[in-house]
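Take a look at the structure set out below.
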Amino acid sequence: MAVERTLSIIKPDGVEKNIIGEVYSRFEKAGLKVVAARMLHLSQEQAEGFYAVHSERPFFNDLVKFMTSGPVMVQVLEGDNAIARNRELMGATNPAEAEPGTIRADFAQTIDANVVHGSDGADTARTEIDFFFKPEEIHSR
Ligand code: RTP
Ligand code: MG
């Protein structure tokens, strides 16, 4: 298995629910290491830029509004198969369809407020990590 890096965000609802530690614990138990992290409140420009791929989708404005509604916790996860492993931990986008025991099934209420983001492939992982972190801010170990 290849060691990969992926970008994870604990969205404003996750920070508000005070479950940063709970989510980090799930990463750690799954063998993923937090190798970079920062809390920030996204500006409208940052949220629009980060989700530019969705700019033509009907939910884009709601998504940007939600992602700028409070602080988020952004982290780079590293480990074997990190991209897919993180997506497994997150569960389906719509919490109503997420497998029991996943982060979204356990903590999310709606498809908009679904607690976490995770890169969906190798190319997006690279782009999304570069969006938030300089190489010297990432601490592999
Ligand atoms: P994410 O990017 O946040 O990790 O989630 P995802 O890959 O599972 O879902 P994606 O298709 O990339 O959509 C990004 C976020 O937009 C919101 N969304 N709303 N109302 C809707 O139909 C709808 N579809 C997507 C979700 O909050 C989703 O996480
Ligand atoms: Mg996505």
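The values are calculated or read from the model by the stated rules, or taken from the named source; none is laboratory data. What you are looking at is a predicted structure, and each value in this text was computed from that prediction instead of being measured. No Cβ is skipped: glycine too gets one built from the backbone with ideal geometry, and neighbour counts run over all protein chains shown. The area values use the complete protein model at the heavy-atom level, side chains included, leaving out ligands, DNA and RNA. Shrake-Rupley method; radii C 1.70, N 1.55, O 1.52, S 1.80 Å.
Observations on the model:
- Only one of the numbered conditions (1) away from ligand 2 (no atom under 15 Å from the Cβ); (2) in a loop (DSSP other than H, G, I, E, B); (3) at pLDDT 95 or above is not met by ASN61, and that is (2).
- Considering segment 86-121, and only residues there that are part of a helix (DSSP H, G or I) and within 14 Å of ligand 2 (Cβ to nearest atom), the residue that is nearest to GLU28 (Cα to Cα) turns out to be ASN86.
- Residue that is nearest to PHE131 (Cα to Cα), among those in segment 35-52 that are loosely packed, with under 15 Cβ neighbours inside 10 Å and in contact (Cβ under 8 Å) with a residue 12 or more places away in the chain: GLY49
- Matching residues in segment 102-131 - criterion: being open to solvent by less than 50 Å² (accessible area, probe 1.4 Å), more than 9 Å from ligand 1 (Cβ to nearest atom) and without any contact (Cβ under 8 Å) to a residue 60 or more places away in the chain: THR102, ALA105, GLY121
- Candidates GLY70, GLY79 - the one that is touching a residue at least 12 places away in the same chain (Cβ under 8 Å), open to solvent by less than 20 Å² (accessible area, probe 1.4 Å) and either charged (D, E, K, R) or assigned to a loop (DSSP other than H, G, I, E, B) (or both): GLY70
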